[in-house]
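Everything on this sheet refers to the single structure shown next.
The values are calculated or read from the model by the stated rules, or taken from the named source; none is laboratory data. These figures come from a predicted structure and were not determined experimentally. Here Cβ is always computed from backbone atoms with ideal geometry, including for glycine, and neighbour counts include all displayed protein chains.
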Amino acid sequence: MNMHVKPALVLLVLACSLALGQDNPPSPAPTATVSAPSLSEDQIRELIRQTAEKDMENDKRQRDYTYIQREEEHKLDGKGQVKSTETKTSEIMELYGEPVERLIAKDDKPLSDKDAKKEEEKIQKLIEKRKNESEENRKKRAEKEEKDREQSRQFVREVADAFNFRLAGIESLAGRDTYVIDGEPRPGYQAHLKEAKILPKFRFRAWIDKDESQWKKLDIQCIDTVSFGLFLARIHKGSRIIIEQTRVNDEVWLPQHIAVKIDVRLALLKNFNVEDDITYRDYKKFRTDTKIVPIGEVQQLH
């Protein structure tokens, strides 16, 4: 799973790839939740829009950072027991407007010299390709990026309209007060975007920082079966993803932890179950206005 691009509430779409088997939204710890001032549903809806817009800005500013991503994958048997575990640790950087992943360890062991060399060659190949890219192709990539960004904005607007919201309380997370907000599918909602048609199949709980209107945590669940590709893939009711963010350099909120559990059936194949636990660390700002960072400069940062 590749999670270094993540407009906030657009992650509701990703929730369809997760499974946990809970029908009720999770409740915040009663001891940590205090009485909250009254917020109308319209006020909450506007807060959701503000939060999502800010997170798309976070996504752009994340490109100013290198960071380490560690993914731990557990494959489960039919009884939910772990059959095998695999970990991958990668350095993520931005080169020529694209997030690039360089594998640096497998199963928490550094790569062999041979494999490390292959990773370096892969990145050098990308650099050479972009250096020789025509102005026309560069323009097309920029236009596609802007188109994707606008589609994300449109999806965000649908998220704000697709749910009824309730303020569940105020909870302190990592020493910061957050609004705890529940979102339930709004009866009668009609999607405008094709991608938004699955939204009524989800519910979520969001923890939103009171001071900065940034989301700290999301807990998203699938409450009905979701099918893709003319029923070639089917995600079962109970899907779930938990995502946490952290404040970096007092300027941006970036991913900290993602917990995933997948229970999916592909075509006529049997179900398979996978748990993913992804952590992000060592955020380091590596550029300001520069768009191209040579490999040597990136290496010097570590």
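Quick notes on this structure:
- Single condition Ala191 does not satisfy, out of (1) farther than 21 Å from Thr246 by Cα; (2) touching a residue at least 40 places away in the same chain (Cβ under 8 Å); (3) not in a strand (DSSP E or B): (2)
- Flag for Ile123 being in contact with a Leu (Cβ under 9 Å, 6 or more places away or on another chain) and at pLDDT 85 or above: yes
- Note on the stretch 229-285: enclosed strands (runs of 3 or more DSSP E) holding 2 or more residues that are at pLDDT below 85 are 233-235, 252-266, 272-285.
- Strands (runs of 3 or more DSSP E) (entirely within the stretch 79-183) containing at least 3 residues that are within 19 Å of the chain's Cα centre (by Cα) and surrounded by 13 or more Cβ atoms within 10 Å (Cβ to Cβ): 82-95, 98-106
- Val82, sole failed condition from (1) of a type outside the set (Ser, Thr, Tyr); (2) in contact with a Leu (Cβ under 9 Å, 6 or more places away or on another chain); (3) modelled with pLDDT of 90 or more; (4) over 17 Å from Gln256 (Cα atoms): (3)
- When Leu167 is tested against the conditions (1) within 16 Å of Trp215 (Cβ to Cβ); (2) hydrophobic (A, V, I, L, M, F, W, C); (3) out of contact with any Leu (no Cβ under 6 Å at 6 or more places or on another chain), the lone failure is (3).
- Single condition Arg63 does not satisfy, out of (1) within 27 Å of Gln214 (Cα to Cα); (2) in contact (Cβ under 8 Å) with a residue 40 or more places away in the chain; (3) among the basic types (Lys, Arg): (2)
- Matching residues, the stretch 39-78, being in a strand (DSSP E or B) and modelled with pLDDT of 85 or more: Tyr65, Thr66, Tyr67, Ile68, Gln69, Arg70, Glu71, Glu72, Glu73
- Among all residues of the stretch 201-208, there is at least one that is more than 21 Å from Pro187 (Cα to Cα), crowded, with 16+ Cβ neighbours inside 10 Å and either at pLDDT 85 or above or not aliphatic (A, V, I, L, M) (or both).
- Picking from residues in the stretch 43-62 that are in contact with a Pro (Cβ under 7 Å, 6 or more places away or on another chain) and among the charged types (D, E, K, R), the one that is farthest from Ile92 (Cα to Cα) is Asp55.
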